[in-house]
Each structure stands twice: as structure tokens, then as C-alpha cells.
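A quick write-up on the structure given underneath.
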Amino acid sequence: MTLKIKFKVMGKRWKLFLLTKKQYRKKIDEHSIAECHGDKHRIYLSPFGMDIKTLRHELVHAHLYELCLESASGLTKDAMEEIFAELMAHRGPELLRLANRLLSQVKELTEPKK
């Protein structure tokens, strides 16, 4: 069964999907543990991607998508560094709080009940 958590990134509605190993391999691939699909406002997590570092990583992708940078492949290293620094300066605390909240929800939905 697919589990879904709704959340917002910069005021936009997003969904986090928690997939089983089999579901993830079928829908995404067998070589990654998580993936952000900005065009669909979705993040997919495999069982191996349900940790704080992975959530933070995917949320950075989501924030960069909302900043309209998904097609900015021609940026220099210095420009990307500056964008990331600005993102963290302006949205960092919000991003980290969101990652912590989502991880709590992931654990609540996936850990066996006592």
C-alpha cells in the first residue's frame, strides 16, 4: 500500500509518497532511494530513503524547483553556490523544520505500532 503525506513548499502543494521496495522499483528504479518530480510536485521515497538526510536532499530539489531553476543547467559553479547559499539563508530553517516534521510523519506511518 502506498502511503501519502501532503505538505507545502513555498506555498505550493506537494505530496510525499512512501513506497514499498517493490513499488519503488516498478515506479522509479532500483538504483536510487528517493526521487523528486518537481513537475508533478511529488517526492517518492523507497524504504531505504526514509531518513533525515534524504528528506533534506529531496526538499532542496523541491525548493529549487519552486524557485524555477529546474532548467538552469548553464549556471556556473559559483552561481549555483550563490543560489544555494541564498536558499539556505532565506528558507533554510523552514526547510529543516519541514524535513523534521515529515520524518516524524514517515516514522508514525511506517513503524510498527506497539
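If only one of 58, 108 is within 16 Å of residue 6 (Cα to Cα), crowded, with 17+ Cβ neighbours inside 10 Å and among the acidic types (Asp, Glu), which one is it?
58
Within the set of pairs 6 or more residues apart or between chains, which connect a residue that is closer than 15 Å to residue 53 by Cα and free of Cβ contacts under 8 Å to residues at least 60 places away in the same chain inside segment 85-101 to a residue that is among the charged types (D, E, K, R) and assigned to a helix (DSSP H, G or I) with Cβ atoms less than 8 Å apart?
As it stands, the answer is 95/56; 96/56; 99/56, since those pairs meet every condition given.
Kindly indicate whether residue 24 is touching a Ser or Thr at 6+ places or on another chain (Cβ under 6 Å) and of a type outside the set (A, V, I, L, M).
yes
Only one of 26, 8, 22 is under 19 Å from residue 103 (Cβ atoms), free of Cβ contacts under 8 Å to residues at least 12 places away in the same chain, surrounded by fewer than 20 Cβ atoms within 10 Å (Cβ to Cβ) and of a type in the set (D, E, K, R); which?
8
Mind checking which residues of segment 29-65 are in contact (Cβ under 8 Å) with a residue 12 or more places away in the chain, of a type outside the set (Lys, Arg) and outside any helix (DSSP H, G or I)?
32, 33, 34, 35, 36, 41, 43, 44, 45, 46, 50, 51
Taking segment 71-114 only, how many residues are within 23 Å of residue 19 (Cα to Cα), modelled with pLDDT under 95 and polar (S, T, N, Q)?
1
So, residue 79, is that one exposed (fewer than 15 other Cβ atoms within 10 Å of the Cβ), aliphatic (A, V, I, L, M) and assigned to a helix (DSSP H, G or I) or not?
When the stated conditions are applied, residue 79 passes them.
The values are calculated or read from the model by the stated rules, or taken from the named source; none is laboratory data. Keep in mind that this is a model prediction, so the values were computed, not measured. Cβ sites come from the backbone with ideal geometry, for glycine too, and all protein chains shown count toward neighbours.
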